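Heads up, the thing below is written out as structure tokens.
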Amino acid sequence: VRSAEASRCRAVRAASSAMMMDGQMPGSVNVLAQGAGQSRGEHARMSTIIGALAISDVVKSSLGPKGMDKILQPMPGSHNQLSVTNDGATILKSILVDNPAAKVLIDISKTQDDEVGDGTTSVCVLAGELLRQAEKLMEQQLHPQLIVAGYRRAADAARKALEEMSVDHGADEAAFRQDLERIAATTLSSKVLSQDKAHFSQMAVDAVLKLKGSSHVEQIQIIKKGGGTLRDSYLDRDAFLLDKKIGVGCPRTVRNAKILLANTPMDTDKVKIYGTKVKTDSMAKVADIEAAERAKMNAKVDKILAHGCTVFINRQLIYNLPEQRLADNGVMVIEHADFEGVAQLALVTRADIVSTFETPSEVKLGECELIEEVMIGEDKLIRFSGVPNAEACSIVLRGANHHILDEAERSLHDALCVLSQTVRNTKVLPGGGACEMEMAKAIDDAAREVPGKQALAMEAFARGLRALPEIIATNGGHDAADLVAKLKAKHHTGGKTFGMDMDKGEVADMYELGIMESFKVKLHVLLSAAEAAEMLLASTPLFSAHRGSVTADTVIGALTLTLAVSLALAGHHGHSCADPATASASIMGKHLAAE
């Protein structure tokens, strides 16, 4: 007994001395290697919330139809160009952050952009507001897990409110088209296209309805050409435009074309000297090498001609010799069509993309009624009309400079994505903050029936939702407190469809003003923001470590020290236990086997 007691006391003194030498208090063990660290408790949660709020505040001023644009200036040495945008995903993708919570908000914004195309700013701002409200509750000593549970109840109540206030005109073709045009106009209201939103919303609806229920918006080709104004943009309904040029000496027009799409090198008619060293004793042998290369290329051209194609489109460069051979045989040649161009042409013309030409009978050629060269502004483009894929079309954007064209493309792409999702899920909702106020009202009503502290978290969730109309009103230069108070009173008297008219600064019926939003977009914003806030609230501690920083020796030493301390303290408090060395060896064996 005396021997066991002495062993425990020695272990306690050794552990205490080792930890005091490391500058730590007794009872804590550092298992992380040098260069790694961790933060716990209140410090970890505050770091999480501050990082998320910083990102939310960056894009907050871009929310709503009166939101401000951001100028994104590239870093020195970067290949990116200066851009002007108010698209949340574009802004956040350009920000370099190191805070884990900030990265989470950026990721949910990217996911929102990929899934539904719009709401990238809203989802980031809503997640930030939910975390802001949670911070106030934690200052009142409310546990994060209680807040998470309350937020989940609130999200369920908000989802039910969205379902109840949604309207579905999917069975009525005329009414549904009107809904789509209104949704497109609402989406474009906060973009650079807001001045011509009626023109572009009709263009976007026509393009999406040609997809016949498909969500493959890549079949809609967007061509940007400088010159003119945004109002000069148009939709080419029955054709696909390729921003390339026809080869020299080739036919400029081909009817009933048979198209061969390829991704193959067509530039070996010249000797490639990069990384190659050839020793000869005469120029005649160099000529023999070049002749062999030409013979090889001529054989490749013969195989291409054996396919019976009248148009040859290659992703890579085509040098003079094969281009001349194909032109002499009446084949239209289009080179350097790039990955994106070849993939879109394969989708539009129903053609195979080939790299070898050994089996012509197994290759499917694309078809097209007419291929011709057209002029748009000062540039020549190739127009494919009468393609088998009837869903394909092209939108030509005109503008004063490339900054406007880039932002117009982003804006129009967002509208196309939202419309394609609405065609699949035909429910629509009123805009102008009506959804947020109605969801907040439903959450407040549900919180009255919840006993305990979770009701406080639900009320905080409702306040986070009401913060979005306040931000929209503030960005529009209106009295946010007065406008939101009037809107709240209107919803409590049954005005579910009432929202904010940002042009007049008044409360009005959104359906009468034609301000509508997609149900799927709004639902995705709600669920993504709630899940992100719940995940960040339930995450502690924060670890900062590079790969391989926790070595095997460090883990073994830390486990040995931890077991020795725990067993010694257990014996010190009078608990029965085996010999510390025996117990440590037994448990260490299990840990090493698992490792």
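Going through segment 161-187 one residue at a time, which ones are assigned to a helix (DSSP H, G or I), closer than 15 Å to GLY213 by Cα and touching a Ser or Thr at 6+ places or on another chain (Cβ under 8 Å)? Residues satisfying the conditions are PHE176, LEU180. Considering segment 321-342, the residues that are in contact with a Lys or Arg (Cβ under 9 Å, 6 or more places away or on another chain) and assigned to a helix (DSSP H, G or I) include one that is surrounded by the most Cβ atoms within 10 Å (Cβ to Cβ), namely PRO322. Residues that are touching a strand residue (DSSP E or B) at 6+ places or on another chain (Cβ under 8 Å), open to solvent by less than 20 Å² (accessible area, probe 1.4 Å) and closer than 24 Å to GLY67 by Cβ: does segment 467-480 have at least one? Yes, segment 467-480 contains a residue that is touching a strand residue (DSSP E or B) at 6+ places or on another chain (Cβ under 8 Å), open to solvent by less than 20 Å² (accessible area, probe 1.4 Å) and closer than 24 Å to GLY67 by Cβ.
Can we say SER39 is surrounded by fewer than 13 Cβ atoms within 10 Å (Cβ to Cβ), modelled with pLDDT under 65 and polar (S, T, N, Q)? So SER39 does not fit the description; no. For segment 473-491, how many residues are outside any helix (DSSP H, G or I) and free of Cβ contacts under 8 Å to residues at least 60 places away in the same chain? Going through segment 473-491 one residue at a time, the tally reaches 2. For PHE312, the conditions (1) without any contact (Cβ under 8 Å) to a residue 60 or more places away in the chain; (2) of a type outside the set (Asp, Glu); (3) closer than 19 Å to LEU381 by Cβ; (4) assigned to a helix (DSSP H, G or I) all hold with the exception of (4). For the residues GLU372, GLU459, GLU470, GLU438, the requirement of being farther than 25 Å from ALA204 by Cα and either outside any helix (DSSP H, G or I) or in contact with a Pro (Cβ under 8 Å, 6 or more places away or on another chain) (or both) singles out GLU372. In the condition set (1) surrounded by fewer than 17 Cβ atoms within 10 Å (Cβ to Cβ); (2) in contact with a helix residue (DSSP H, G or I) (Cβ under 9 Å, 6 or more places away or on another chain), GLY227 is compliant with all but (2).
Just wondering, is there one or more residues in segment 183-194 that are surrounded by 22 or more Cβ atoms within 10 Å (Cβ to Cβ), over 30 Å from ALA390 (Cβ atoms) and touching a Pro at 6+ places or on another chain (Cβ under 6 Å)? Among the residues of segment 183-194, at least one is surrounded by 22 or more Cβ atoms within 10 Å (Cβ to Cβ), over 30 Å from ALA390 (Cβ atoms) and touching a Pro at 6+ places or on another chain (Cβ under 6 Å), which makes the answer yes.
In segment 364-391, the residues that are farther than 12 Å from ALA239 by Cα form Cβ pairs under 8 Å with partners that are open to solvent by 50 Å² or more (accessible area, probe 1.4 Å) and small (Gly, Ala, Ser), at six or more places apart or across chains, as follows: GLY377/GLY226. Within segment 402-428, the only residue that satisfies the criterion of being under 27 Å from PHE461 (Cβ atoms), surrounded by fewer than 24 Cβ atoms within 10 Å (Cβ to Cβ), more than 18 Å from the chain's Cα centre (by Cα) and not basic (Lys, Arg) is ASN425. Does LEU105 satisfy the condition of being within 21 Å of ALA155 (Cβ to Cβ) and either acidic (Asp, Glu) or buried (at least 20 other Cβ atoms within 10 Å of the Cβ) (or both)? For LEU105, the condition - within 21 Å of ALA155 (Cβ to Cβ) and either acidic (Asp, Glu) or buried (at least 20 other Cβ atoms within 10 Å of the Cβ) (or both) - is met. The criterion of being within 31 Å of the chain's Cα centre (by Cα), surrounded by fewer than 23 Cβ atoms within 10 Å (Cβ to Cβ) and either closer than 20 Å to SER190 by Cα or among the basic types (Lys, Arg) (or both) does not hold for ARG448. Has segment 52-59 got any residue that is surrounded by 13 or more Cβ atoms within 10 Å (Cβ to Cβ), polar (S, T, N, Q) and touching a strand residue (DSSP E or B) at 6+ places or on another chain (Cβ under 8 Å)? Checked segment 52-59: no residue is surrounded by 13 or more Cβ atoms within 10 Å (Cβ to Cβ), polar (S, T, N, Q) and touching a strand residue (DSSP E or B) at 6+ places or on another chain (Cβ under 8 Å). Scanning segment 107-134 for residues that are without any contact (Cβ under 8 Å) to a residue 24 or more places away in the chain and either of a type in the set (Asp, Glu) or not in a helix (DSSP H, G or I) (or both) returns ASP107, ASP114.
The values are calculated or read from the model by the stated rules, or taken from the named source; none is laboratory data. Please read all numbers here as calculations on a predicted model, not as lab measurements. All Cβ positions, even for glycine, are placed from backbone atoms using ideal geometry, and neighbour counts span all protein chains on display. What goes into the accessible areas is simple: the full protein's heavy atoms, side chains included, and nothing from ligands, DNA or RNA. Shrake-Rupley method; radii C 1.70, N 1.55, O 1.52, S 1.80 Å.
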